[in-house]
Amino acid sequence: MSYVTKSPWVIHYDGSSCNGCDIEVLACLTPMYDVERFGIINTGNPKHADIFLVTGSVNEQNKSVVKQIYEQMPEPKVVVAIGICANNGGIFRECYNVMGGVDTVIPVDVYVPGCAARPEAIIDGVVKGLGVLAEKRAAMDGKTEAPQTAGKEEA
Amino acid sequence: MVKMIILVVAYLILAPVIGGLLAGIDRVLSARLQGRQGPPVLQPFYDFFKLLEKEPITVNNVQDFYVTCFLLFVIVTGCFFFAGLDLLLVIFTLTLASVFLIIAAFSTNSAYPQLGAERELLQMMAYEPMVLITAVGFYIFSGSFAVADIVSGDKMAFPYMIGIFAGFVFILTIKFRKSPFDLSMSHHAHQELVAGLKTEFSGKTLAMIEIAHWYENVFLLGFIFLFFANGTIAGTIIGAVVCLVTYFFETFIDNNFARMKWNVAINASWLVAITLGMVNIVVLYFM
Ligand code: SF4
C-alpha cells in the first residue's frame, strides 16, 4: 500500500471564476466537512503538494501560473478540476480571453462537475484522485503502466 | 557506562516514535480545539513515509547536504544530552544544527526560504539567552554542567528554579514552532511566507526536517525533565507527566494565539529572560 493515499496534501488555485467553487473548496476544510480526517492538508506550496485543486477557467493571464504550479509539484501528482468552469470554461467559455477548461493547459485526472461543486462532490473527487495517485506511484516504480491522464474519471 | 549506552540507543530508536506520536496527538488535539474531528493519531508517520516516496526535487544540490548535517547534529545533540554530558556542549551543538538548517535555506536562493531563514536567525537571538540562563541556573544549583550530575542530585531543581522553568517554557513555544512565534516556518497555508524556511524542501529532504523536529522535541522535553529529576521514581514520574503537560500546554497556546511579529518575539523573550531568568539566578546565588 502506498502512503501517498493516506497523506494527500493539496494546493488550491482559483482561476477565472465567480469564486463560488473557491469558497466551496475552503468549506471542505471547515469543522463541518474537515478533510484533515483523511490526512488532507492545504499546503499553499506546490513543492509540498500531491493534489492540485483548480477552480475556475484558464485565461491568457493565468495560463502560465497554472502551468508553473503544476510543473513545480513533485511526482506523483494529480490534478482535480472543480466546477464546470474548470471542466470546460463554464459560463466564461465564450469570453475573448478564456481558453476553456484546465485541461487546455495541463493534464487533468479528475473532473468534478457542478456550479458550484458541492463540498461532498469535491471530497469525492479528491478521494477518486487518490486512486489515480496510487496508480501513478506504482508506475514510478516501473511495475505498471502510467495511467492515462485527461478524460479519465468523472466524480 | 552501560546505562549511558542504553540511554543513547533508546533515544536513537524511541525519540522519533515518541516525537511522531506526540505530533499526532498534537494534531488531533488541535482539531478538537477547533471543533473538528482531526486526522488519525498516526498521521505524522503517514506524512513522513509519503514524503519518502515522492520524487526528489532539489534547487541546489548542496541543500541536501546541509539538511543532512542538520538532522545529524540534532541527533548528536540529543545523544550528548542523554549520555549525560556537558549542558553547554549540548546547547552549542543544537545551535550548530540550527545554523546548518539556516544555511540550507539560504543556499536555495529563493525568496521565501531566505526570508524564513532570516526570521529563524532572529528567533535564535530571541531564545538563546534564556537557554543559556537555564544552563547557568543548573550550574549554580547543582555545581556542575554535566547532565549526569544534575539528574543524580538528590534535590529536585524545580522549587528552586521556578522562574527559570517558566522562562524556559516560554521560549519552548519558539523551539516547538508554535503560534504566536512560528515565524520562520508557518505551518498554516495561505500565509505571507508560504512555508517559510522549508518552502524549497520537498520529498526526502522535507522528511529529514520532520524527523529532526521530532528528535529535537523529545530532547527539549528532556530539558523539562531535568527540572524534576532527583534520582527517585517519584521524581521521574512527576518529570514525565510535566513533560506531557508542557507539550500539550504549548498546543493549547498554539490554538489560542495569532502569530506575532518578530520584534514582539524578541522583546518578549528577552524580557522574560531578564526578569524571570535573571532574578531566579540571583536568588539561587544567594541561597
Ligand atoms: S462553476 Fe459556477 S460556482 Fe464554480 S466558479 Fe464557475 S461559475 Fe462559479
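Derived scalar couplings between HN and Hα for the stretch B:56-63 equal x, 10, 10, 7, 9, 3, 6, 4 Hz in order, rounded to whole Hz, by the Karplus curve 6.51 cos²θ - 1.76 cosθ + 1.60 (θ = phi - 60°), x for Gly and Pro.
Debye calculation, C-alpha points only, no solvent: report log10 I(q)/I(0) for the stretch B:162-256 at q = 0.18 Å⁻¹, in the same order as the q values. So the normalised log intensities work out to -0.88.
Here B:LYS261 is the anchor, and the lysines within straight C-alpha reach of less than 20 Å, apart from those fewer than 8 places off in the same chain, are B:LYS175, B:LYS178, B:LYS198. Projected onto its three principal axes, the C-alpha set of the protein assembly as shown covers 82, 45, 39 Å, listed from the longest axis down. Under a Gaussian network description of chain A, with springs only between Cα atoms under 10 Å, the residue in A:THR30, A:THR104, A:THR43 that fluctuates furthest is A:THR30. As a calculated quantity, the FRET efficiency between A:ILE23 and B:ILE237 at R0 = 45 Å, using C-beta atoms, amounts to about 0.35.
Sort largest first and round to whole Å: the equivalent ellipsoid semi-axes of the stretch B:2-286, each the square root of five times a Cα gyration tensor eigenvalue. Don't jump to the answer; show the numbers that get you there.
Working: eigenvalues 180, 87, 76 Å².
Gyration-tensor ellipsoid for the stretch B:2-286: 30, 21, 19 Å.
Within a straight-line Cα-Cα reach of under 28 Å, A:LYS128 can be paired with the following lysines, leaving aside sequence neighbours fewer than 8 residues apart in one chain: A:LYS6, A:LYS47, A:LYS63, A:LYS67, A:LYS77, A:LYS136, A:LYS143, A:LYS152, B:LYS50, B:LYS54, B:LYS204. Rolling a 1.4 Å probe over the protein heavy atoms gives the stretch B:2-286 an accessible area of 42 Å² per residue.
For chain B, the dipole from Cβ point charges (+1 on Lys and Arg, -1 on Asp and Glu) about the Cα centre works out to 420 debye, to the nearest 20. Result for chain B in a Gaussian network model with C-alpha springs under 10 Å: among B:ILE171, B:ILE266, B:ILE233, the largest mean-square fluctuation is at B:ILE233. Our summary gives chain A a relative contact order of 25 percent, counting only alpha carbon pairs under 8 angstrom and 6 or more residues apart. Along the charge dipole of the stretch B:83-219, which of B:ALA146, B:SER186, B:THR108 sits closest to the positive end, that is, farthest toward it, with unit charges on the beta carbon of Lys, Arg, Asp and Glu (+1, +1, -1, -1)? My answer, from the dipole projection, is B:SER186.
Could you give the accessible area per residue of the stretch A:3-154, probe 1.4 Å, as a whole number in Å²? Don't skip to the answer; put the middle values down first.
Working: 6420 Å² over 152 residues.
Each residue of the stretch A:3-154 exposes 42 Å² on average to a 1.4 Å probe.
What is the antiparallel percent of DSSP beta bridges lying wholly in the protein assembly as shown, to the nearest 5?
Numbers: 4 of 21 bridges.
Taking every DSSP beta bridge with both residues in the protein assembly as shown, the antiparallel ones total about 20 percent.
Each residue, B:TRP270 and A:CYS115, gets one label point 7 Å from its Cα in the Cβ direction; the gap between the two is 5.9 nm.
Mind ranking B:PHE106, B:PHE176 by accessible surface for me, highest first, 1.4 Å probe?
On the way: B:PHE106 75, B:PHE176 5 Å².
The residues order as B:PHE106, B:PHE176, largest area first.
In the stretch A:6-43, the residues that give up 30 Å² or more of accessible area when the other protein chains are added, compared with the chain on its own (1.4 Å probe), are A:LYS6, A:SER7, A:TRP9, A:PRO31, A:ASP34, A:GLU36, A:ARG37, A:ASN42.
Given a 1.4 angstrom probe, I'd like the percentage of the accessible area of the stretch B:21-66 that is carbon and sulfur, rounded to a whole number. Spell out each step's value before the answer.
Details: 1390 of 2180 Å².
For the stretch B:21-66, the apolar C and S fraction of the accessible surface comes to 63 percent.
Rolling a 1.4 Å probe over the protein heavy atoms leaves B:TRP270 with an accessible area of roughly 110 Å². Does any residue of the stretch B:41-57 lose at least 10 Å² of accessible area with all protein chains in place compared with its chain alone, and if so which ones (probe 1.4 Å)? Residues passing the criterion (a loss of at least 10 Å², heavy atoms only) are B:GLN43, B:TYR46, B:ASP47, B:PHE49, B:LYS50, B:LEU51, B:GLU53, B:LYS54, B:GLU55, B:ILE57. Shown for chain A is the translational diffusion coefficient from the Stokes-Einstein equation, using the Kirkwood radius over Cα pairs, a temperature of 20 °C and a viscosity of 1.002 mPa s: 141 µm²/s.
Just flag the GluC sites (Glu not before Pro) in the stretch B:181-287 sitting in loop per DSSP whose Cβ has no more than 15 other Cβ atoms within 10 Å.
B:GLU192
Taken over the stretch B:247-287, the alpha-carbon convex hull comes to 81 cubic angstrom per residue.
Mind grabbing the interface size between A and B? I mean buried accessible area, both sides, 1.4 Å probe, in Å² to the nearest hundred. Write out the running numbers ahead of the final one.
Working: alone 7860 and 13390 Å², together 18770 Å².
About 2500 Å² of accessible surface is lost on pairing.
From the alpha carbon centroid of the stretch B:20-83 to that of the stretch B:212-287 is 21 Å.
The values are calculated or read from the model by the stated rules, or taken from the named source; none is laboratory data. Only a predicted model underlies this, so the values are computations on that prediction, with no experimental measurement involved. Here Cβ is always computed from backbone atoms with ideal geometry, including for glycine, and neighbour counts include all displayed protein chains. Please note that ligands, DNA and RNA were not included when accessible areas were found on the heavy atoms of the full protein model with its side chains. Shrake-Rupley method; radii C 1.70, N 1.55, O 1.52, S 1.80 Å.
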